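Reading through the structure tokens given below for one structure.
The values are calculated or read from the model by the stated rules, or taken from the named source; none is laboratory data. From a predicted model like this one, the values you see are computed outputs, not experimental measurements. Please note: Cβ atoms are built from the backbone with ideal geometry, for glycine as well, and neighbour counts cover all protein chains shown. With ligands, DNA and RNA removed, areas are computed over all heavy atoms of the protein, side chains included. Shrake-Rupley method; radii C 1.70, N 1.55, O 1.52, S 1.80 Å.
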Amino acid sequence: MQRDEVYVVDIGRILVREWRWFAAGLLSVIALAFLFLHEARPQWEATAYIQIGQVAGVPPGQDPKVEPLARVLERLKWVPFENDVMASLGIAPDAPEASLYRKSLKLEPLPYAGPLVKFTVRGWSPRQARQFAEATVTQLQALHQKLLAAPLAMTQARLSEVQADLDSAQNRRSELRRGAGSAGGENTQAAGVASLLLTTTDTEILNLRQAKGDLSVRLSPNYTYETSLMWPVFVPRGPAFPNPALIGGIAVLFGLSLGAFAAIARHALRRARATPLSFNQTDGLGHLPLNDAQRGRVASTPQTSVGSQ
């Protein structure tokens, strides 16, 4: 009767019997992980949030943002833009620092938070990672300032026009009040016309004040602002790569697997080299095989032919 099942106890016995191979596989992987941790160049990761600039004094129904969120994401991933960021820091486009910047830049849009753009970038020191993040925002801010200049100037010009109209209306109301006061006792019809004009002027002044207040609110920092960092750049104390805890855990797991495989393979090789004869093994005619003593007795037995009987 053959046993095809493999039990945990059997595997445990194999690992104990072949403990040298198991330990060799485990220790080799741990040694490689230890060597990697000491030879790999550390990388620090900076996290920043970009607030996209806007001008609130745009026509109704138009997006006040200087650029849509999707366009900002595409701009940040554009290679010429990334090269300009590196050039602002005095780094060549083919330098290792530039390659690290392009590979490590990761963007996460936050459409319901402003919208904001969360991005992370890595450097070979905490200071360099912070410089990469700040230079990215500075380069984007310089581009957006050019786009914001025209709508901002138009809104400010509109506010100046409203202020000039308001000053003119207030001066006209003062003159009408003086005219109505001087003509009140002499000409009743002229006083009535002056009173009507004064009422119209008061309505105009009220509308102009409302328009001025609306434009002033739109141009306030809460509704009109430049592209900038929402909060200061954050860089953790420890490096993001290599991660000793993560690499150590993976090394132990892989080392245990490799050690178990090496021990089981060694045990299988030992059994293949010393395979015993099975009791139920037969030859091609269905007879059990004979040992050396049985073969000798069969050879010494005289054979009787059929014709001599």
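List of remarks:
- Leading residue at positive end of dipole, the stretch 98-144 (Cβ point charges), from L143, Y112, Y101: Y101
- Heavy-atom accessible surface of the stretch 44-234, averaged per residue, reaches 57 Å², computed with a 1.4 Å probe.
- Think of each Lys and Arg Cβ as +1 and each Asp and Glu Cβ as -1; about the Cα centre, that makes the dipole of the stretch 44-234 roughly 360 debye.
- Residues whose placed amide H lies under 5 Å from that of M230, excluding near-sequence neighbours: Y49, I50, Q51
- Among the listed pairs K65/K146; K65/K106; K77/K103; K77/K146, those beyond 18 Å (Cα-Cα): K65/K106; K77/K146
- Whole-Hz ³J(HN,Hα) from phi, Karplus 6.51 cos²θ - 1.76 cosθ + 1.60, for the stretch 205-213, glycine and proline x: 5, 4, 5, 5, 5, 5, 5, 5, x
- A straight line joining the Cα centroids of the stretch 35-112 and the stretch 123-161 runs 13 Å.
- Computed from backbone phi, the HN-Hα couplings of the stretch 130-140 come to 5, 4, 4, 5, 5, 5, 4, 5, 5, 5, 5 Hz, rounded to whole numbers (Karplus: 6.51 cos²θ - 1.76 cosθ + 1.60, θ = phi - 60°; Gly and Pro given as x).
- Packing-based order for 49-60, 31-42, using average beta carbon neighbours within 10 Å, highest first: 49-60, 31-42
- Within the accessible area of the stretch 44-234 (1.4 Å probe), percent carbon and sulfur: 55
- Interchain or long-range residues, amide H under 5 Å from L116's placed H: L110
- Residues of the stretch 226-241 with amide N under 15 Å of the 7 Å Cα→Cβ point at W124: 241
- When the stretch 29-187 is described by a simple charge dipole with +1 on each Lys and Arg Cβ and -1 on each Asp and Glu Cβ, the residue from V66, A87, A129 located farthest towards its positive end is A129.
- Cα pair distances exceeding 29 angstrom across the stretch 44-234, given as percent: 46
- When peptides 256-266, 92-102, 130-140 are sorted by average Cβ neighbour count within 10 Å, with the highest value leading, the order is 130-140, 256-266, 92-102.
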